[in-house]
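Structure, as structure tokens:
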Amino acid sequence: MTYLSIRFILFLIITMLLYYIFPQRIRWCVLLLASAVFYLHAGYGKFLMAAAASLLVWGASGAISHQYRKAEQEIAQRELCGKEKAALLAKYKRKCRNLILIPTLCLMVGMLAYCKFWEMLAEALWQMFTLYISWEMIVPLGISYYTFSSVGYLLDVYWRKGKHINNYFRFLLCMMYFPQIVQGPIARYSRLEKELFKEHPFDFKQICFGMQLMLYGYAKKMILADRLALYTSQVFGNLQSYAGLVILIAVIASAFQIYMDFSGCMDIVRGASQIFGVTLDHNFKHPFFSTNTAEFWRRWHITLGTWFKDYVYMPVAASKWLISLITKIRNKFGKASARIINTIIPLLIVWLLTGIWHGTGWNYVVWGLYYGLIIICSTVFAGQYHKLAEKLHIDETTKSYRRFQMVRTFFVFAGGRLITAPGTLSDTWTAVKQMSGSFNPWIFWDGTLYGMGLDYKDWCVVVIGLLLVRWISIMQEKGSVREAIARKNIVLRWVIYYGAFFAILIFGMYGPGYNASDFIYGNF
């Protein structure tokens, strides 16, 4: 049941009607039932695996919470304080870590690794040992997203930053909440629980706002992302047949394609959730307005970035082995060297894992290192960059320089797409050779550009659509566009609504002989 199907729209309408018909205290049960139906539609085996994973995490968090309560009771009974209290807490914490936390994390991460890497491992075994292993692999829906959410929840309970959710079915809803299960955002259960279980009175304005956001997401996906996909798939699928600007345009188009695809999906899921009064975390904040790569990744897939920061970067930066290493480097080489190493190691680990999360090929490892090295260099040499700008008499506060930074950041992102979009590192090398081996500006006027999936009218739709999205993004930076529309008179409001709806009907990529492509990030 994809978000682009009529079946999903009907499912959403029925769920909304049932949700507001039932009393407040059991509305969460409607969402749980709807989420189960949504997940079961993907397959009974997938549902059972997800349910088993949820029961494992819920049981582990309950066991950790129980051990902490026992520790508090023992401290109270024995009236411990100071070092004795700290020693007892450390004892119980070690017990929780060794007997509950680590085994559970290994099982959850192992299941994710199995789903991501089994096919690659089986192929490697076949090539190395002529050992053929084959069975149907069940990949649960949204496994990357709910695994990260569950790991974060379990660590929060272990670190005593979050509380155990006593009701298993409430926890199951947090894990399988249907608007966000396929592509995120990566939920923090502490926030999502508050949203799901607080009172949500019927609010016609919020329902309208949710539908408007969904329309905007459908327009991004069906008008722009899927249209650009026709060109990029044609070029990247036949790299030897194209050269020069054809491939460069495909790389740039691919950057816009993945943004419209992923941010469009986030608009759909956040709009669908808003219909029920549930506010999901933002996952995008106009990343193409960023002036550097670090800022770009604070605006792109925000929940993934904050997850890696809280559960990988900070624990690594505060780990005993790294602190010991930094101390030795400081004593031997000085504070500056220690500071550089303290920056490099956590960032490299984070970006290596980020690359592996995005894909299983070597190109994704290179992709992670690509961004890691860029961000490390921009962090370590920030002072030198400012001094160079001063020597060259560059005013870094001007609008023109800010626009230059935005363009530069976009092309850094496009460079990242060049690593992954063609398919493999070999394909990337072919793309680079073909792109740099020819300069062919005549493709813009001899008709060549219009024979690779998109004709002249399609390109007009793309350019106008991208400009419109940019204008809306600028407006969103200043305030809520939906609130601004709500303040307009009723005639203008409905002209905007009908215009958006019929634009999707007229320009959207769908119909007989066409299957809307899956959302790109749904594969992660």
Those residues of the range 467-524 which are modelled with pLDDT under 80, in a loop (DSSP other than H, G, I, E, B) and either under 18 Å from Met222 (Cβ atoms) or open to solvent by 40 Å² or more (accessible area, probe 1.4 Å) (or both), in sequence order: Gly508, Met509, Tyr510, Gly511, Pro512, Gly513, Tyr514, Asn515, Ala516, Ser517, Asp518, Phe519
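Please enumerate the residues belonging to the range 390-408 that are more than 13 Å from Thr291 (Cβ to Cβ), of a type in the set (A, V, I, L, M, F, W, C) and part of a helix (DSSP H, G or I).
Of everything in the range 390-408, nothing turns out to be more than 13 Å from Thr291 (Cβ to Cβ), of a type in the set (A, V, I, L, M, F, W, C) and part of a helix (DSSP H, G or I).
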Candidates Gly355, Gly359, filtered to the one that is buried (at least 16 other Cβ atoms within 10 Å of the Cβ) and without any contact (Cβ under 8 Å) to a residue 60 or more places away in the chain: Gly355
Residue match in the range 308-329 (condition: part of a helix (DSSP H, G or I), under 21 Å from Ser263 (Cα atoms), open to solvent by less than 40 Å² (accessible area, probe 1.4 Å) and at pLDDT 90 or above): yes
Number of positions in the range 276-306 that are open to solvent by 10 Å² or more (accessible area, probe 1.4 Å), among the polar types (S, T, N, Q) and not in a helix (DSSP H, G or I): 3
Checklist (1) farther than 30 Å from Asp156 by Cβ; (2) over 17 Å from the mean Cα position of the chain (by Cα); (3) open to solvent by 10 Å² or more (accessible area, probe 1.4 Å) applied to Leu228, failing item: (3)
Checking Ala338 against (1) within 27 Å of Val109 (Cβ to Cβ); (2) open to solvent by less than 20 Å² (accessible area, probe 1.4 Å), the condition it does not meet: (1)
Among the residues listed as Gly437, Gly383, the single one being small (Gly, Ala, Ser) and in contact (Cβ under 8 Å) with a residue 60 or more places away in the chain: Gly437
Residue pairs meeting the criteria (Cβ under 6 Å; at least 6 apart or on separate chains; first farther than 10 Å from Arg27 by Cβ, in the range 189-205; second open to solvent by less than 100 Å² (accessible area, probe 1.4 Å)): Tyr189/Tyr153; Tyr189/Cys174; Ser190/Gly162; Leu192/Cys174; Glu193/Cys174; Glu195/Val278; Glu195/Thr279; Phe202/Tyr20
Condition broken by Val380, with the remaining ones in (1) in contact with a helix residue (DSSP H, G or I) (Cβ under 7 Å, 6 or more places away or on another chain); (2) at pLDDT 85 or above; (3) among the β-branched types (Val, Ile, Thr); (4) open to solvent by 30 Å² or more (accessible area, probe 1.4 Å) satisfied: (2)
Which listed residue is hydroxyl-bearing (Ser, Thr, Tyr), assigned to a helix (DSSP H, G or I) and free of Cβ contacts under 8 Å to residues at least 60 places away in the same chain, from Ser273, Ser263: Ser263
Residue in the range 257-267 that is among the small types (Gly, Ala, Ser), open to solvent by 10 Å² or more (accessible area, probe 1.4 Å) and under 26 Å from Tyr497 (Cα atoms) present: no
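Any idea how many residues of the range 213-225 are open to solvent by 30 Å² or more (accessible area, probe 1.4 Å) and not aliphatic (A, V, I, L, M)?
Residues in the range 213-225 being open to solvent by 30 Å² or more (accessible area, probe 1.4 Å) and not aliphatic (A, V, I, L, M): 1 in total.
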Per-region count, the range 61-88, residues touching a residue at least 40 places away in the same chain (Cβ under 8 Å) and in contact with a Phe, Trp or Tyr (Cβ under 8 Å, 6 or more places away or on another chain): 3
Residue ID - least open to solvent (accessible area, probe 1.4 Å), chosen from residues in the range 444-466 that are of a type outside the set (D, E, K, R) and farther than 24 Å from Tyr259 by Cβ: Gly447
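Please enumerate the residues belonging to the range 17-54 that are among the polar types (S, T, N, Q) and more than 27 Å from Gly110 (Cα to Cα).
Filtering the range 17-54 for residues among the polar types (S, T, N, Q) gives 24, 35, 54.
Gln24 - this is the single residue of the range 17-54 that is among the polar types (S, T, N, Q) and more than 27 Å from Gly110 (Cα to Cα).
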Of all residues in the range 175-222 being among the small types (Gly, Ala, Ser) and in a loop (DSSP other than H, G, I, E, B), the one that is modelled with the lowest pLDDT: Gly184
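Return a yes/no flag: does the range 187-194 have any residue that is under 30 Å from Leu18 (Cβ atoms) and aliphatic (A, V, I, L, M). It would help to see each step written out before you state the result.
Start the filter on the range 187-194 by keeping residues that are under 30 Å from Leu18 (Cβ atoms), which leaves 187-194.
If we keep only those that are aliphatic (A, V, I, L, M) as well, we get 187, 192.
Yes: one or more hits.
Would you confirm whether any residue within the range 43-50 is under 25 Å from Cys174 (Cα atoms), open to solvent by 60 Å² or more (accessible area, probe 1.4 Å), in contact (Cβ under 8 Å) with a residue 40 or more places away in the chain and not in a helix (DSSP H, G or I)? It would help to see each step written out before you state the result.
Step one: of the range 43-50, the residues under 25 Å from Cys174 (Cα atoms) are 43-50.
Add one more test, that the residue is open to solvent by 60 Å² or more (accessible area, probe 1.4 Å), and what stays is 44, 46, 48.
Among the residues that remain, those that are also in contact (Cβ under 8 Å) with a residue 40 or more places away in the chain are: 46.
From what is left, the residues that are not in a helix (DSSP H, G or I) are none.
Scanning the range 43-50, I find no residue that is under 25 Å from Cys174 (Cα atoms), open to solvent by 60 Å² or more (accessible area, probe 1.4 Å), in contact (Cβ under 8 Å) with a residue 40 or more places away in the chain and not in a helix (DSSP H, G or I), so the answer is no.
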Scope the range 235-252; condition farther than 18 Å from Gly415 by Cβ and among the small types (Gly, Ala, Ser); matching residues: Gly237, Ser241, Ala243
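Hey, can you tell me all the residues within the range 437-456 that are of a type in the set (Gly, Ala, Ser), within 17 Å of Gln234 (Cα to Cα) and assigned to a loop (DSSP other than H, G, I, E, B)?
If we filter the range 437-456 for residues that are of a type in the set (Gly, Ala, Ser), which is where we start, we get 437-438, 447, 451, 453.
When the remaining residues are screened for being within 17 Å of Gln234 (Cα to Cα), the result is 447, 451, 453.
Result: Gly447, Gly453.
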Number of the exception - Phe169 against (1) at pLDDT 90 or above; (2) buried (at least 17 other Cβ atoms within 10 Å of the Cβ): (2)
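The values are calculated or read from the model by the stated rules, or taken from the named source; none is laboratory data. Every value quoted in this text rests on a predicted model; they were computed, and no experiment measured them. Note that we place each Cβ from the backbone using ideal geometry, even for glycine, and neighbour counts take in every protein chain shown. Accessible surface areas use protein heavy atoms only, side chains included; no ligands, DNA or RNA. Shrake-Rupley method; radii C 1.70, N 1.55, O 1.52, S 1.80 Å.
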